[in-house]
Amino acid sequence: MYFESLLDAVLGERQIFHIIECPVCGLEEIYYEHCVTKRLIGRACRNCNFVQKFENRKSEASLKPNSGCTLKLDHFPYLKNRKA
Ligand SMILES: [Zn+2]
């Protein structure tokens, strides 16, 4: 399916957050969130062939520590030593 591969390319891993009525065509417009971070990543209307990705750097910075920050600490051991 073309539209699904478009979603894969633009939004990547995702799950449905909620569905509203598309302001353009009146059919389903789907909002997607990231499976792990629950961050809103974009919206799409299949009927309009429309996909939008939300850029939201702020919420990326406020990710929980267990979602990758521990890995970063290993790259900078002196940060750990300073606190110990
Ligand atoms: Zn639409």
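The values are calculated or read from the model by the stated rules, or taken from the named source; none is laboratory data. Small disclaimer: the values here were computed from a predicted structure and weren't measured. No Cβ is skipped: glycine too gets one built from the backbone with ideal geometry, and neighbour counts run over all protein chains shown. We work out accessible area using only protein heavy atoms, side chains counted, and drop any ligands, DNA or RNA first. Shrake-Rupley method; radii C 1.70, N 1.55, O 1.52, S 1.80 Å.
Nonpolar atom fraction for the range 2-59, defined as the carbon and sulfur part of the 1.4 Å probe accessible area, stands at 53 percent.
Solvent-accessible surface of protein heavy atoms, probed at 1.4 angstrom with all chains present, puts His34, His18 in the order His18, His34, largest first.
Does the range 2-59 classify as rounded, prolate or oblate by the C-alpha gyration tensor (a ≥ b ≥ c root eigenvalues; a/c under 1.5 gives rounded; else a/b over b/c gives prolate, otherwise oblate)? Please report the intermediate quantities before stating the final value.
On the way: a/c = 1.94, a/b = 1.49, b/c = 1.31.
In terms of gyration-tensor shape, prolate.
Can you tally the net charge around Cys45? Count Lys and Arg as +1, Asp and Glu as -1, for every other residue whose Cβ sits under 11 Å from the Cβ of Cys45. It works out to a net charge of -1.
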